[in-house]
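Readers should treat all values here as calculations from the given coordinates under stated rules, not as data from a laboratory. Predicted model, so just to flag it, every value in this text is computed and none were measured. Using ideal geometry, Cβ is built from the backbone for each residue, glycine included, and neighbour counts are taken over all protein chains shown.
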Amino acid sequence: MRLRNVTGASERIAESQYVVQEPANNKGKWKEFFGNNNPIHIEVGMGKGQFIHGMAKANPDVNYIGIERYSTVLLRAVQKMEAEEVPNLFFLCEDAKNIIEIFSKEEIDRIYLNFSDPWPKDRHAKRRLPSRQFLERFDQILKLDGTLEFKTDNKDLFEFALEELEPAGWKAEAVTFDLHHDEKMVQGNIMTEYEEKFSSMGNPIYKYIISR
Ligand code: SAM
């Protein structure tokens, strides 16, 4: 997702109090940054931030960090915060391939991937966020008993994501091929922008929860 022609987006992101400007400086010190011992959950590729903003509102005892690489997209999440500030949520304008420069070993309690870009060409497989290459990075920052949750409406991407688990050393704790009709897994579900759009078109939503 890339929104074009947003005048001054990168300048507005650089000035925003909701965006951590030099996140690598907080590596190993994110609890100090938040000023409490609450668990830290991150969403990688959060887009316009509807999910993580909703999660932060619903769970004030969890600290949230949303990561989005495009300032034009992140600006929408910042604008949501300007309209309704949530104290336990901050944003990073970063490419997730650098994530191990930002968080130290086992610093993160949960990772969310929502409607990640599918990168359909085989030669781009390693750019997919649920790929083994990204799982290896996530493995380094996630607590040993931490979990990663992934939702998508893209069947090929979901099948790819399931196939990546074993070679990457992860296992599925829960899987559904129709989240919105899965009584157990749908509990507490907060929809992302893409989830609203694609489920309203009748697409089933796939989800897994994985651990090592
Ligand atoms: N999660 C949102 C949702 O479900 O509505 C947005 C989904 S959109 C298809 C995927 C988003 O992930 C885009 O905004 C894209 O810029 C971001 N993204 C993809 N790869 C990324 C990466 N390596 N690092 C940070 N953001 C990334």
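Points worth noting:
- Here the residues ASP61, ASP95, ranked from fewest to most Cβ neighbours within 10 Å of their Cβ, fall in the order ASP61, ASP95.
- Whole-number D in µm² s⁻¹ for the chain, Kirkwood Cα-pair radius fed into Stokes-Einstein, 37 °C, 0.692 mPa s: 188
- Here's the picture: charge each Lys and Arg Cβ at +1 and each Asp and Glu Cβ at -1 in the chain, and of HIS124, TYR70, GLY188 the one pushed furthest to the positive end of that dipole is HIS124.
- In Hz, Karplus ³J(HN,Hα) per residue of the range 82-91 (6.51, -1.76, 1.60; θ = phi - 60°; x = Gly, Pro): 5, 6, 8, 6, 10, x, 9, 9, 9, 10
- Cα gyration tensor, the range 115-177 - rounded (a/c under 1.5), prolate or oblate: oblate
- Only helices enter the 222 nm calculation for the chain: every DSSP H run of n ≥ 4 contributes -39,500 (n - 2.57), and dividing by all residues gives -9000 deg cm²/dmol, rounded to 500.
- Hz values of 3J(HN,Hα) by residue in the range 24-41 - Karplus curve (6.51, -1.76, 1.60), Gly and Pro given as x: 4, 5, 9, 3, x, 10, 5, 5, 5, 4, 7, x, 7, 9, 5, x, 10, 10
- Cβ-based charge dipole, the chain, positive-most Cα from LEU165, PHE90, ILE13: ILE13
- For the range 104-212, the gyration tensor built on C-alpha atoms gives an oblate shape. Its axis ratio a/c (a ≥ b ≥ c) is at least 1.5, and a/b is not larger than b/c.
- Among 80-87, 8-15, the order from most to least packed when residues are scored by Cβ within 10 Å on average: 8-15, 80-87
- Relative pair counts by distance (%), Cα atoms of the range 1-58, 5 Å bins: 4, 13, 17, 26, 23, 10, 6, 1
- Cα centroid separation, the range 7-23 to the range 103-160 (Å): 25
- Highest average packing first - 52-59, 122-129, Cβ atoms within 10 Å: 52-59, 122-129
- Charges were assigned to the Cβ only: +1 to each Lys and Arg, -1 to each Asp and Glu. The resulting dipole of the chain about its Cα centre is roughly 460 debye.
- Along the range 126-141 the Karplus relation, 6.51 cos²θ - 1.76 cosθ + 1.60 evaluated at θ = phi - 60°, assigns HN-Hα couplings of 6, 7, 5, 5, x, 6, 4, 5, 6, 4, 5, 5, 4, 4, 6, 9 Hz to successive residues, with x for each Gly and Pro.
- Within the straight-line cut-off of under 27 Å between alpha carbons, the lysines reachable from LYS143 are LYS27, LYS29, LYS31, LYS48, LYS57, LYS97, LYS105, LYS126, LYS151, LYS171, LYS184, LYS207, sequence neighbours fewer than 8 places apart in one chain being disregarded.
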